[in-house]
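The values are calculated or read from the model by the stated rules, or taken from the named source; none is laboratory data. All figures in this text were calculated on a predicted structure; none of them were measured in a lab. Neighbour counts are summed over all protein chains in view; Cβ atoms, including those assigned to glycine, are modelled from backbone coordinates with ideal geometry. Each accessible area value is taken on the protein alone, full model and side chains, heavy atoms only, with ligands, DNA and RNA left out. Shrake-Rupley method; radii C 1.70, N 1.55, O 1.52, S 1.80 Å.
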Amino acid sequence: MGYQASGVIVEADKSVKVRGLKVGDRVALDQLRYCGSCYNCMHGRETFCDSHGFPYGYLDSMMAEYAVLHQRQVWKIPDSISLEEASLTEVVGASMPAIDLATV
């Protein structure tokens with residue numbers, strides 16, 4: 001419980017400016033923490049990251065007031081999307097591959 005989340009950046013390392021993120025940005029959060037450098041990560045298959053154990057894998061503690069995430073796990077959202085709606089991006093993202101494969 002608690003892996004679908006959104007929020008506001010309250011503190012950030014200098015490196016997040018590379019992605020254009022800053023304190024105060026409203027964001028949707030990706031609960032998958034991956035290394036970004038193994039074979040699977042470098043070929044778009046982050047779900048199968050070869051790095052096991054903390055801090056990699058799925059985070060299920062997003063119901064906390066604060067969470068520490070890597071910039072790869074944070075996606076800026078427009079003001080037109082509420083934080084409640086943004087927390088559903090994980091559900092939509094998980095459903096899209098099945099919808100794409102379906103012959104509806």
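Given the residues Leu21, Leu101, which is the only one that is at negative phi and free of Cβ contacts under 8 Å to residues at least 24 places away in the same chain?
Sole residue among the options that is at negative phi and free of Cβ contacts under 8 Å to residues at least 24 places away in the same chain: Leu101.
Restricted to the range 90-104, and to residues that are at pLDDT 85 or above and either among the β-branched types (Val, Ile, Thr) or part of a loop (DSSP other than H, G, I, E, B) (or both), which residue is surrounded by the most Cβ atoms within 10 Å (Cβ to Cβ)?
As a first pass, look at the range 90-104 and keep what is at pLDDT 85 or above: 95-96, 98-102.
From the residues that got through so far, the ones that are either among the β-branched types (Val, Ile, Thr) or part of a loop (DSSP other than H, G, I, E, B) (or both) too are 99, 102.
Values: Ile99: 9, Ala102: 7.
The selected residue is Ile99.
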Any chance Met42 is touching a residue at least 12 places away in the same chain (Cβ under 8 Å) and open to solvent by 90 Å² or more (accessible area, probe 1.4 Å) | no
Whichever residue in the range 45-63 is under 23 Å from Ala86 (Cβ atoms) and at pLDDT 80 or above and, among such residues, is least open to solvent (accessible area, probe 1.4 Å) = Glu46
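What do you reckon, is Lys76 more than 14 Å from Ser6 (Cβ to Cβ) and either basic (Lys, Arg) or surrounded by 15 or more Cβ atoms within 10 Å (Cβ to Cβ) (or both)?
No.
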Selection over the range 20-51 where residues are outside any loop (DSSP other than H, G, I, E, B) and among the β-branched types (Val, Ile, Thr) yields a count of 2
Subset of the range 79-89 that is modelled with pLDDT under 90 and of a type in the set (S, T, N, Q) - its residue that is most open to solvent (accessible area, probe 1.4 Å) | Thr89
